[in-house]
Ligand code: PMP
Ligand code: GLN
């Protein structure tokens, strides 16, 4: 850190995603760490991209290109079973990442408490703390059957009159848990009781292998929910950094006030391309979303089966493109020691999940490891071979 660094960034270091991608590169290992697809991007997005690249070079409106808002609203409406107004219910952002930052800037005051479910996506505490908020952590616990469960007494205990928001992430990175309707309704009830916002991070909404429920689909949550989507995940183009937020008119208007000072607007040609991709995927008879889900399910099965034959014990992944595994049998001191050694020893990189827990709860993840399965089947099969050695 330089002598000029702000208090806001004290304690920050390189993200686990950068660290283990660099380690994978160093040892020429298969990168099952950072979640990015390595297969050919879908034709619908690449064709749309080539067309848009010719014509759209100037600023987009700050809230997003109308055609993208229209197409994204149509897709989200279908998913949540609720009519959306593209003009007022959607804001286009620089990926889910900027959405998270803009939301915390727009809604969190210094001293506000925010409930986070552990393991959390690593940007949440950083964004909350940069806004001056205080994260309160509630762990998910792996069960004997491999599923992950919340203790709702713990969750209730984390709420109080200072609780401004709860962050939900479904399908959940890194566990792959998909929150059930019953769990979503219990979370909504707590948010209503304590008058808190629900920030529902849903970048894997189209990679859910069991019934996906967004709190946005619940009438009683509409006044307090913002849901975050990622075009990067939906169309396997993580490098595009395009996303959008869905919510009621007032919340979206507040959010825009922060967003206009962050990027002002999002890359125009990418918005047009994303709009055309959604337009095609939304068409009757187009099975894009279904095929995406079944393709990731197949990849999950390949990796899960491979892990079962190795010394790793896979837990249940019901969505996303991640799976957690227990690594106790390998005898490492902790998950960092294991992940530091894996690229060199096995030729496979993975992520140590303690990065997704607060200091007090890191012991819960010491014997866990996260693998990404958003890779070609051939690469997964090769990784499986290496892991089973
Ligand atoms: N939230 C979660 C849960 C994620 O896994 C990710 C990264 N894939 C993001 C947010 C950020 O998404 P984006 O790449 O669209 O910024
Ligand atoms: N979301 C991706 C993951 O969980 C990584 C995103 C990033 O590198 N910041 O692997």
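Which residue pairs have Cβ atoms closer than 8 Å, lie 6 or more positions apart in sequence or on different chains, and pair a first residue in the stretch 156-182 that is more than 23 Å from residue 325 (Cβ to Cβ) with a second residue that is within 11 Å of ligand 1 (Cβ to nearest atom) and part of a loop (DSSP other than H, G, I, E, B)?
167/120
Quick check: anything in the stretch 1-17 closer than 28 Å to residue 287 by Cβ, over 23 Å from the mean Cα position of the chain (by Cα) and part of a loop (DSSP other than H, G, I, E, B)?
Scanning the stretch 1-17, I find no residue that is closer than 28 Å to residue 287 by Cβ, over 23 Å from the mean Cα position of the chain (by Cα) and part of a loop (DSSP other than H, G, I, E, B), so the answer is no.
Take the stretch 105-121 and flag every residue that is more than 16 Å from ligand 2 (Cβ to nearest atom), surrounded by 20 or more Cβ atoms within 10 Å (Cβ to Cβ) and assigned to a loop (DSSP other than H, G, I, E, B).
Hit for the stretch 105-121 is 108, nothing else.
Restricting to the stretch 74-103, and then to whatever is within 16 Å of ligand 2 (Cβ to nearest atom) and part of a helix (DSSP H, G or I), can you tell me which residue is surrounded by the fewest Cβ atoms within 10 Å (Cβ to Cβ)?
97
Confirm whether residue 154 is more than 18 Å from residue 233 (Cβ to Cβ), in a helix (DSSP H, G or I) and in contact with a strand residue (DSSP E or B) (Cβ under 7 Å, 6 or more places away or on another chain).
Spelling it out, residue 154 is indeed more than 18 Å from residue 233 (Cβ to Cβ), in a helix (DSSP H, G or I) and in contact with a strand residue (DSSP E or B) (Cβ under 7 Å, 6 or more places away or on another chain).
Keeping to the stretch 337-389, report how many residues are crowded, with 18+ Cβ neighbours inside 10 Å and in contact with a helix residue (DSSP H, G or I) (Cβ under 8 Å, 6 or more places away or on another chain).
Qualifying residue count, the stretch 337-389: 30.
Scan 27, 124, 49, 56 and give me the residue that is within 16 Å of ligand 1 (Cβ to nearest atom) and either at pLDDT 95 or above or surrounded by fewer than 21 Cβ atoms within 10 Å (Cβ to Cβ) (or both).
Criteria check complete, one pass: 124.
Can you report the number of residues in the stretch 109-121 which are in contact with a helix residue (DSSP H, G or I) (Cβ under 6 Å, 6 or more places away or on another chain), away from ligand 1 (no atom under 11 Å from the Cβ) and within 21 Å of residue 12 (Cβ to Cβ)?
Counting residues in the stretch 109-121 that are in contact with a helix residue (DSSP H, G or I) (Cβ under 6 Å, 6 or more places away or on another chain), away from ligand 1 (no atom under 11 Å from the Cβ) and within 21 Å of residue 12 (Cβ to Cβ) gives 3.
Pick out the one residue from 239, 243 that is within 19 Å of residue 106 (Cβ to Cβ) and within 16 Å of ligand 2 (Cβ to nearest atom). Give the steps one after another, and end with the answer.
Details: 239 fails: within 19 Å of residue 106 (Cβ to Cβ).
Residue meeting the stated conditions: 243.
Look through 15, 88 and report the one residue that is over 18 Å from residue 236 (Cβ atoms), touching a helix residue (DSSP H, G or I) at 6+ places or on another chain (Cβ under 9 Å) and within 16 Å of ligand 1 (Cβ to nearest atom).
None of the others qualify; the one that does is 15.
Go through 350, 355 for me and flag whichever is in contact (Cβ under 8 Å) with a residue 24 or more places away in the chain, within 16 Å of ligand 2 (Cβ to nearest atom) and out of contact with any strand residue (DSSP E or B) (no Cβ under 7 Å at 6 or more places or on another chain).
355
Pull out all pairs, ordered by first then second residue, where Cβ-Cβ is under 9 Å, the residues are six or more apart or on different chains, the first lies in the stretch 72-100 and is under 19 Å from residue 60 (Cα atoms) and without any contact (Cβ under 8 Å) to a residue 60 or more places away in the chain, and the second is in a helix (DSSP H, G or I) and within 16 Å of ligand 1 (Cβ to nearest atom).
The qualifying pairs are 86/68; 86/72.
Cβ-Cβ under 7 Å, sequence separation 6+ or interchain: first residue in the stretch 21-47 and without any contact (Cβ under 8 Å) to a residue 24 or more places away in the chain and farther than 23 Å from residue 345 by Cα, partner assigned to a helix (DSSP H, G or I) and within 14 Å of ligand 2 (Cβ to nearest atom). Which pairs?
none
The values are calculated or read from the model by the stated rules, or taken from the named source; none is laboratory data. As the structure is a computational prediction, the values presented were derived from the model and not from experiment. Counting neighbours? That spans all protein chains shown, and the Cβs are built from the backbone with ideal geometry, glycine included.
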